[in-house]
Amino acid sequence: MMVIVEPVIPRLRRYARALMRDAALADDLVQDCLERAITRWHQRRSDGDAQTWLFTILHNLASNQRRQWARRGPHVPIDEISQDGLASPAEQEAGLEQTAVLAALDRLPEDQRAVVLLISIEDLSYAEAARVLGVPVGTVMSRLSRARQRLREDLAGQVAPSAPPHLRRIK
C-alpha cells in the first residue's frame, strides 16, 4: 500500500495547496486524505487507479471543508496569525504576475478551477480528472475550455468587475 501511496503524496500536497491557498490547511487536508485512504483501503476498487482514488478523496474533503466554512464563516484567533500571513505582497514583476494569475484562478467558479488545477498543474488526463470530479469527460473538456477562455480574458483585463448592468431610461 505505501509503495503505491507514497509517490503520490507530493502531488496531493501541491493540489491541496492550490485549492486551499494555505500551507497548514493544505497539509491538514492531505493528512486527512491519507488517513481516510489507509482506513478505507479495503473499499478501493482493485481495478481502479489508486492515484485517481486519492485525488478524489482529497477533492471531496476540500469541497466538504469549503461548504463547512461557508456555513460557519472564517475564524482565526489573533494569537495564531503568523508574521508570514501579515507580510506585504511582492513588488517584483514576477510576483505581481503570479498574484494576478492566482487571483484570476480564485475568480473562476469552483468546478472550472478544479478542472484547471487537475489537468494543468497535476497533469491528470481528461478521463482521470472526470473520475476525480465524478463528471463525464465531455464536461471536463467544456469546463476546461471555458476556464481557459475566462482566464485569458481576465488576465488581458477584458473581464469587467461584477457591477450591475448599465440601465437606461426609455420614454
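The values are calculated or read from the model by the stated rules, or taken from the named source; none is laboratory data. If you're wondering where the values come from, they're calculated on a predicted model, not measured in any experiment. Glycine gets a Cβ as well: all are built from the backbone with ideal geometry, and neighbour counts include every protein chain shown.
In table form, for the structure just shown:
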read-out	value
Residue check for residue 99: modelled with pLDDT under 90, closer than 28 Å to residue 61 by Cβ, among the β-branched types (Val, Ile, Thr) and not assigned by TED's automatic domain parsing to the domain that holds residue 55	yes
Looking only at the range 109-154, and only at residues there that are closer than 20 Å to residue 14 by Cα and among the hydroxyl-bearing types (Ser, Thr, Tyr), the one that is modelled with the lowest pLDDT	120
Looking only at the range 1-34, and only at residues there that are acidic (Asp, Glu) and more than 13 Å from the chain's Cα centre (by Cα), the one that is nearest to residue 51 (Cα to Cα)	6
Residue in the range 110-162 that is nearest to residue 100 (Cα to Cα), counting only those that are of a type in the set (S, T, N, Q) and outside any helix (DSSP H, G or I)	158
